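Read through the structure below, which is laid out as structure tokens, and then see the notes.
The values are calculated or read from the model by the stated rules, or taken from the named source; none is laboratory data. Values in this document were obtained by computation on a predicted structure and should not be read as measured data. Here the Cβ positions follow ideal geometry from the backbone for every residue, glycine too, while neighbour counts run over all protein chains shown.
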Amino acid sequence: MASLDPRVRNLEPEHGLGSYYEYRERWAVLVGISKYQHAPWNLNYARRDAEELTKLLSRPRTGRSMSRGCVSCLTTMPRRRR
């Protein structure tokens, strides 16, 4: 019987569907923005952290559940001077 309490969730898979992890492809989009136009918003390590986590998830041993090409890293790049 389902609970009416919104804090209680039934995490059991529905009959015949299998586990969520059996048929879902995993993706990761990591965003590391360290420099902003408004200087007080700047972060010290956001870019580095996103790049390191991308490397970690791309390794076969640690990111074994991630398919090749399913990890993307978006970071800020320095503007080119004209």
Exercise. Of Leu43, Leu30, which residue is touching a helix residue (DSSP H, G or I) at 6+ places or on another chain (Cβ under 6 Å), surrounded by 12 or more Cβ atoms within 10 Å (Cβ to Cβ) and either at pLDDT 90 or above or more than 20 Å from Thr62 (Cα to Cα) (or both)?
Worked result: Leu30
For this session: Kindly indicate whether Arg80 is at pLDDT below 70 and either in a loop (DSSP other than H, G, I, E, B) or at positive phi (or both).
Result: yes
Exercise. Which one of these does Lys35 not meet: (1) charged (D, E, K, R); (2) in contact (Cβ under 8 Å) with a residue 24 or more places away in the chain; (3) not in a loop (DSSP other than H, G, I, E, B)?
Worked result: (3)
Problem set entry | Options Asp5, Asp49; residue that is over 21 Å from the mean Cα position of the chain (by Cα) and at pLDDT 70 or above | Asp5
Seminar exercise, completed: Checked the stretch 54-64 for anything free of Cβ contacts under 8 Å to residues at least 24 places away in the same chain and closer than 16 Å to Leu74 by Cα; matches are Lys55, Leu56, Ser58
